[in-house]
Protein chains: 2
Amino acid sequence: MIKNKKYSVRVRVWIDETNGPFLGIGRIWLLEHIAETGSITNAAKEMKMSYRQAWQLVEDMNKQAEAPLVEKLLGGKGGGGARLTEAGQRAIKTFYSLEKKINDFVSKESSKIKF
Amino acid sequence: MIKNKKYSVRVRVWIDETNGPFLGIGRIWLLEHIAETGSITNAAKEMKMSYRQAWQLVEDMNKQAEAPLVEKLLGGKGGGGARLTEAGQRAIKTFYSLEKKINDFVSKESSKIKF
């Protein structure tokens, strides 16, 4: 019996640093939300995570990166805002460009699979 | 300040069928455990999942594949054994060979990332 199914390949990409996972799509979304909303508090809300969890992720990323990705700003309600550094903006671009290269390779391989 | 961190890229691979995820490393491990132990019950135990869950995964895989990957054998205690079909053995090889090709590509890209 020939079912004639169609298959495709999907990958998920992480960049690890010596001490553990550094950047995956979840952290990239957090960085993007910080850039859009101007604060860790608002970014956390949009991602339905606690402020504490988002803050911890930012701390980890800043330590794991060569240069901090997020800069905390002083003052204002709720402990001030936050913005991406140049390194933070570059990290997003580097991640997506890597993901795209891998996905391009994967789609080529995808068309070749046979079961 | 130069921290001189080292980064590497890691991917996780899935093969999807039109109706959803078909094969990922978890399902491949289940197939391998069925091959080793000769039964879904024992494979489930080794993977610390319920028999019901393992059985459901096998049902899903068999439906999503062009030809069933696991063949259930009649009789014996605990409802009889199970073994991989030729298609099941081939599925494992296809998955690992695809994963290897993607990992080879990824390590090349990995050495190029700069933050």
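Read the figures in this text as sums done on the coordinates, not as results from a lab. Just so it is clear, the structure is predicted and the values come from calculations on it, not from any experiment. FYI the Cβ positions are ideal-geometry reconstructions off the backbone, even for glycines, and counts take in every protein chain you see.
What number goes with the only condition from (1) within 11 Å of another protein chain (Cβ to nearest Cβ); (2) free of Cβ contacts under 8 Å to residues at least 40 places away in the same chain that B:L57 does not pass?
So the condition that B:L57 fails would be (1).
Return the residues of the stretch A:1-30 that are more than 7 Å from chain B (Cβ to nearest Cβ), part of a loop (DSSP other than H, G, I, E, B) and in contact with a strand residue (DSSP E or B) (Cβ under 8 Å, 6 or more places away or on another chain); say none if nothing qualifies.
Passing the criteria: only A:G24.
May I ask you to verify whether B:A35 is more than 8 Å from chain A (Cβ to nearest Cβ), surrounded by fewer than 17 Cβ atoms within 10 Å (Cβ to Cβ), small (G, A, S) and not in a strand (DSSP E or B)? Reasoning before the result, please.
Details: more than 8 Å from chain A (Cβ to nearest Cβ): yes; surrounded by fewer than 17 Cβ atoms within 10 Å (Cβ to Cβ): yes; small (G, A, S): yes; not in a strand (DSSP E or B): yes.
In short, yes.
In the stretch A:98-115, what count of residues is obtained for those that are surrounded by 12 or more Cβ atoms within 10 Å (Cβ to Cβ), within 17 Å of A:I25 (Cα to Cα) and not hydrophobic (A, V, I, L, M, F, W, C)?
Total satisfying the criteria: 3.
Among (1) surrounded by 15 or more Cβ atoms within 10 Å (Cβ to Cβ); (2) more than 30 Å from B:Q89 (Cβ to Cβ); (3) within 18 Å of the chain's Cα centre (by Cα); (4) in contact (Cβ under 8 Å) with a residue 40 or more places away in the chain, which single condition is A:G81 missing?
Failed condition: (3).
Looking at this structure, is A:R12 under 15 Å from the mean Cα position of the chain (by Cα) and crowded, with 16+ Cβ neighbours inside 10 Å?
Details: under 15 Å from the mean Cα position of the chain (by Cα): yes; crowded, with 16+ Cβ neighbours inside 10 Å: no.
No: the conditions fail for A:R12.
Give the residues of the stretch A:86-112 that are free of Cβ contacts under 8 Å to residues at least 24 places away in the same chain, in a helix (DSSP H, G or I) and more than 9 Å from every other protein chain (Cβ to nearest Cβ), sorted by residue number.
Selection gives A:E86, A:K93, A:S97, A:K100, A:D104, A:K108.
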